[in-house]
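The values are calculated or read from the model by the stated rules, or taken from the named source; none is laboratory data. These numbers come from a predicted model, not from an experiment. Virtual Cβ from ideal backbone geometry, glycine too; neighbours counted across all protein chains shown.
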Amino acid sequence: MFKSGFVAVIGRPNSGKSTLINALVGKKVTITSHHPNTTRNAIRAILNTDSYQAVLVDTPGIHKPVTTLGTQLNSIAKESTDSVDIVIFTIAANEKVGKGDNFVVRSIAESSSAKRFCVVTKIDTISKDRILTALAEAAKLANDHGFTWDEIIPVSAIKGEQVWILSDLIERNLPEGPAYYPAETLVDLELGEQISELIREATIAGTLQELPHSIAVLVNEITERSEELTAIDATIFVERESQKGIIVGHAGSNIKAIGSAVRPAIEALLGKKIFLGLNVSVASNWQRDSKALRKFGIVKE
């Protein structure tokens, strides 16, 4: 009996959603960062085994929005919990339960038909005594909103601790059904989107604290030069001219470093050498511009 279904992974920003999905799939399929709100779309990662296929929906962190981008990210996350078989709520063990967690759990309380799992992440960062406290706080969080978690699982996704328990629970709670994607598919993104996400991850890692939310990336062209070489032309967008200077760096030092950092990941994705051309452009206040959000693929046509 083969099983299949959809699993929404939801939580407040920086609670370990993307890292958990990468650990479940066993490969890097969604970008990660210590900066909150790195994920900007409902990215579908595909967990394939011989007995089941789970479509894991990596959602943006739900938060109090201050821009059009923030409002759109919340909308994407909430829509991703509709008509799924399992909702996984992530809560970081090394942080106190806050208003953001309560806000997310209120929406989960309405998911009456889905199984509701709470995954307490980042247990490698705290003591064993603190893990017990975090589990009790997670249980109370659901009780305060009128329901009980179907499962509470403590994990360290970055170290792979107890991820297998979650994988087993997903299999047990999926309905019987066919595979939705070919077995070799790991993520439901176009090639250009995968490359732009890798470039954005490298840019976030290589820039200052205040820049991550201002960065967007578009892949303009992918050209097969030969069987051994692919040329990629991409543009990194920021909101202000001063931010452009930070990314470019003195004599182009930062943009060169970003290219060097991301090249191995793109070559691993394509299985061949690449020529990467990176440009930097200003799209003023794009986070508040609905047209720009559509251009960057955050709002779908």
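Per-structure values
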| item | result |
| --- | --- |
| Exclusive hit being at pLDDT below 85 and under 19 Å from Ile21 (Cα atoms), set Val163, Val155, Val104, Val119 | Val104 |
| Of all residues making up the stretch 206-224, the number that are crowded, with 17+ Cβ neighbours inside 10 Å and at pLDDT below 85 | 7 |
| Single residue of the stretch 82-131 satisfying the filter (buried (at least 22 other Cβ atoms within 10 Å of the Cβ) and of a type in the set (S, T, N, Q)) that is nearest to Asp144 (Cα to Cα) | Thr90 |
| Complete set of residues in the stretch 129-183 that are touching a Leu at 6+ places or on another chain (Cβ under 6 Å) and at positive phi | none |
| Residue within the stretch 60-69 that is β-branched (Val, Ile, Thr), modelled with pLDDT under 80, surrounded by 16 or more Cβ atoms within 10 Å (Cβ to Cβ) and under 23 Å from Gly192 (Cβ atoms) present | no |
| Residues that are farther than 16 Å from Glu193 by Cβ and either in a strand (DSSP E or B) or under 24 Å from the mean Cα position of the chain (by Cα) (or both), drawn from the stretch 261-273 | Ala261, Arg263, Pro264, Glu267, Ala268, Gly271, Lys273 |
| Some residue of the stretch 176-193 being in a loop (DSSP other than H, G, I, E, B), β-branched (Val, Ile, Thr) and modelled with pLDDT under 90 | yes |
| Answer from Arg44, Arg40 - the residue that is at pLDDT below 90, over 20 Å from Ala138 (Cβ atoms) and touching a strand residue (DSSP E or B) at 6+ places or on another chain (Cβ under 6 Å) | Arg44 |
| First in the stretch 153-171 and surrounded by fewer than 19 Cβ atoms within 10 Å (Cβ to Cβ), second anywhere and polar (S, T, N, Q), Cβ under 6 Å, 6 or more apart | Ile158/Thr19 |
